[in-house]
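Accompanying notes for the structure given below.
The values are calculated or read from the model by the stated rules, or taken from the named source; none is laboratory data. Note that this is a predicted model, so its numbers are computed, not measured. As a convention, Cβ positions derive from the backbone with ideal geometry for all residues, glycine included, and neighbour counts pool all protein chains shown.
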Amino acid sequence: MAEREGGGWPRWPAWLSRATRAGGVDAATDPGAPGAWQPTIRRGWRHTELQFTGGVSQSRMLTFRPGHLLIDYTRTMMAALLFNPRPAMIGMVGLGGGSQAKFCHRCLPQARLEVVENNPHVIAMRRRFRIPDDDARLQVVLGDGAQFLRDRRGRYDLLLVDGYDETGIPEALSSQRFQDDCRAALAPGGVLASNLYATDVDRHVARLQRSFGRDRVWLLEEKRQSNRVAFAWTGEPFPGGRIDLPAIEASIPRAAVRELRDVFATVAQAWHAR
């Protein structure tokens, strides 16, 4: 499902629209998309989780602070703002519990967000994770992430890729063609941040390097998780090769800096030590 220049967004299936307005439906009773994996929600006093089959957590939020970026790798991915401090257009592949979508919608008021999610069960649960309704700045689309990017050349200043199913990263989101399409979807000066977990990291990075160039891909490991975050970019984001953190932070909206100052410092230190 694609938005075309000057066009509107396609209509969702009626059952999905009703479910979203009503706050989502239980996976066990959801009548749509029988081929899609059906997530479950585990709600506790402290955390609310979106889980895969077998109880594996796919997304987690603080129950009483739904807008907080809780998971380390999601915070590291948002350090892509160091490469492009004031993105006007942000693309996201994978909605999940909507942690980054909520953060961007709240803390980056200058930006428009387009999110593609291929699982209607996940979209139907968006209200339970306090994901805002679609508005002038946020659009969530039910569709194939690979095809979605293919139709959006030169569109995004910031592209966040965190697309998983119950087996890991789907082949369609790890192929060479997909990495080429990620590069093509970026505007001049754009940056990609991709979550890599339980995947062949070396092969994934090699494909990114073929798409972006060897000197425009950087892999950063999470100290407290098994995740790695791959950054890839166009242009030359840091004159002289160094991150001028005070100057860059002055260009980023204050709300985002307040939440991410520790991450920005950690990523800048790692960049200078690489």
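Values for this structure:
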| read-out | value |
| --- | --- |
| Sole exception among (1) without any contact (Cβ under 8 Å) to a residue 60 or more places away in the chain; (2) loosely packed, with under 13 Cβ neighbours inside 10 Å for R224, by number | (1) |
| Filtered residues of segment 187-207 (kept if in contact (Cβ under 8 Å) with a residue 24 or more places away in the chain and hydrophobic (A, V, I, L, M, F, W, C)) | A187, V191, L192, A193, L196, A198, V201, V205 |
| Qualifying residue in segment 168-185 (condition: in a strand (DSSP E or B) and of a type in the set (K, R)) | no |
| Residue in segment 186-240 that is modelled with the lowest pLDDT, counting only those that are in a loop (DSSP other than H, G, I, E, B) and within 19 Å of the chain's Cα centre (by Cα) | A198 |
| Number of the condition not met by G163 [criteria: (1) outside any strand (DSSP E or B); (2) over 23 Å from E49 (Cα atoms)] | (2) |
